[in-house]
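Student: Below you will find the structure I want to go over with you.
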Amino acid sequence: MLDEEARKDVALEYCRRINEGDVDGVLSLFTDPPYVDDPVGDRTFTDRAAYRSHLAGLVAYGVHETPGTPVAALDGEHVALPIVAELRPAQIPEGKFLRISLIALMRIDSTGRICRMQVFSGHTDMSLHAIPESTASRDLGDFGNS
């Protein structure tokens, strides 16, 4: 069993790697096969190749995840992490980006790998925003989330 700080570090590492565009690095944080509900009630990934494709799509959309403060459970396995994700999927109008407030609930095994992740967000947790003038000419990615 990992201690609370080690589990929190794994959760934060997930955000760091996705922000770097490191799809293989993100995948290395998961057991094989992964078990990911993203979001809960919509898609479940239990195949490594399918989840890799999903992650690559997020990176292609310029995803940037800003983590909040992780919270560990007393069970020795779970961490809840609030995240604000910003991305620019192809169907979003020009000059706009999508902001999603979500909670990622991760179950982390004794080796420090994520064996299950559930992402909670609903339609009311998503909003469109204008890309600030100061970042409009930069590559997709951080749209000014602060």
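Student: For segment 30-57, what are the residues that are surrounded by fewer than 19 Cβ atoms within 10 Å (Cβ to Cβ) and of a type in the set (A, V, I, L, M)?
Tutor: Once the filter is applied, which keeps residues that are surrounded by fewer than 19 Cβ atoms within 10 Å (Cβ to Cβ) and of a type in the set (A, V, I, L, M), segment 30-57 yields Val40, Ala49, Ala50, Ala56.
Student: Sticking with this one: Can you say whether Ala56 is part of a helix (DSSP H, G or I), in contact with a helix residue (DSSP H, G or I) (Cβ under 6 Å, 6 or more places away or on another chain) and at pLDDT 95 or above, as far as the supplied structure shows? Step through it out loud before you land on a result.
Tutor: Details: part of a helix (DSSP H, G or I): yes; in contact with a helix residue (DSSP H, G or I) (Cβ under 6 Å, 6 or more places away or on another chain): yes; at pLDDT 95 or above: yes.
Answer is yes for this residue.
Student: Just a yes or no: is a residue in segment 6-19 open to solvent by less than 60 Å² (accessible area, probe 1.4 Å) and among the acidic types (Asp, Glu)?
Tutor: yes
Student: Also, I was wondering about something else. Restricting to segment 83-110, name every residue that is charged (D, E, K, R), open to solvent by 10 Å² or more (accessible area, probe 1.4 Å) and more than 19 Å from Thr44 (Cα to Cα). Give the derivation first.
Tutor: Keep residues of segment 83-110 that are charged (D, E, K, R), which gives 86, 88, 94, 96, 99, 107, 109.
Now narrow it down to the ones that are open to solvent by 10 Å² or more (accessible area, probe 1.4 Å): 88, 94, 96, 99, 107, 109.
Arg88, Glu94, Lys96, Arg99, Asp109, listed by residue number.
Student: Follow-up question, since we're still on this one. For Ile108, work out the one condition from (1) among the β-branched types (Val, Ile, Thr); (2) in contact with a helix residue (DSSP H, G or I) (Cβ under 6 Å, 6 or more places away or on another chain); (3) under 30 Å from Ala130 (Cα atoms) it doesn't fulfil.
Tutor: Exception for Ile108: condition (3).
Student: Another question, then. Across segment 61-82, what is the number of residues that are of a type in the set (A, V, I, L, M, F, W, C) and either touching a Phe, Trp or Tyr at 6+ places or on another chain (Cβ under 6 Å) or open to solvent by 70 Å² or more (accessible area, probe 1.4 Å) (or both)?
Tutor: Selection size over segment 61-82: 2.
The values are calculated or read from the model by the stated rules, or taken from the named source; none is laboratory data. None of these values were measured; they are calculated from a predicted model. Cβ: placed from backbone, ideal geometry, glycine included. Neighbour counts: every protein chain shown. Only protein heavy atoms, including side chains, enter the accessible area calculation; ligands, DNA and RNA are left aside. Shrake-Rupley method; radii C 1.70, N 1.55, O 1.52, S 1.80 Å.
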